[in-house]
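Here the structure comes first, spelled out in structure tokens, and everything after it is commentary.
The values are calculated or read from the model by the stated rules, or taken from the named source; none is laboratory data. Here the structure is a predicted model, which means the values were calculated and not measured. We place every Cβ from the backbone using ideal geometry, glycine too, and count neighbours over all the protein chains shown. Accessible surface areas use protein heavy atoms only, side chains included; no ligands, DNA or RNA. Shrake-Rupley method; radii C 1.70, N 1.55, O 1.52, S 1.80 Å.
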Amino acid sequence: MRLIQPINFIAPHFLFKIFYWAFANDDLAIWVAADCTGLGVPGAFMSMIGISLLNEIVMVKDIHDSAEILYRRAILLKLLL
């Protein structure tokens, strides 16, 4: 699988961080498109956190149910912030 990087959209006074993330194995494919809108560094920081949490939940903990992924992400995000 190819590593998918966040993209930058630069407006006159704003930097929006939009990221997409994908996971696939023989039985399953998961695609995520997320918007961590922020001004510069905060948006980039939230994108990095989002990607890290998805990696941990889906790849490390082997959770593939969408509701469970969102639930675990919310819990981990509260612990981090």
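Looking at region 56-81, which of its residues are within 20 Å of Phe23 (Cα to Cα) and of a type in the set (Lys, Arg)? Hits for region 56-81 are Lys61, Arg72, Arg73. May I ask you to list the residues in region 1-45 that are within 14 Å of Asn55 (Cβ to Cβ), open to solvent by 80 Å² or more (accessible area, probe 1.4 Å) and either modelled with pLDDT of 65 or more or not in a loop (DSSP other than H, G, I, E, B) (or both)? Result: Tyr20, single match.
Which of the residues that make up region 53-81 are touching a Lys or Arg at 6+ places or on another chain (Cβ under 9 Å) and surrounded by 14 or more Cβ atoms within 10 Å (Cβ to Cβ)? Matches in region 53-81: Leu53, Leu54, Glu56, Ile57, Ile63, Arg72.
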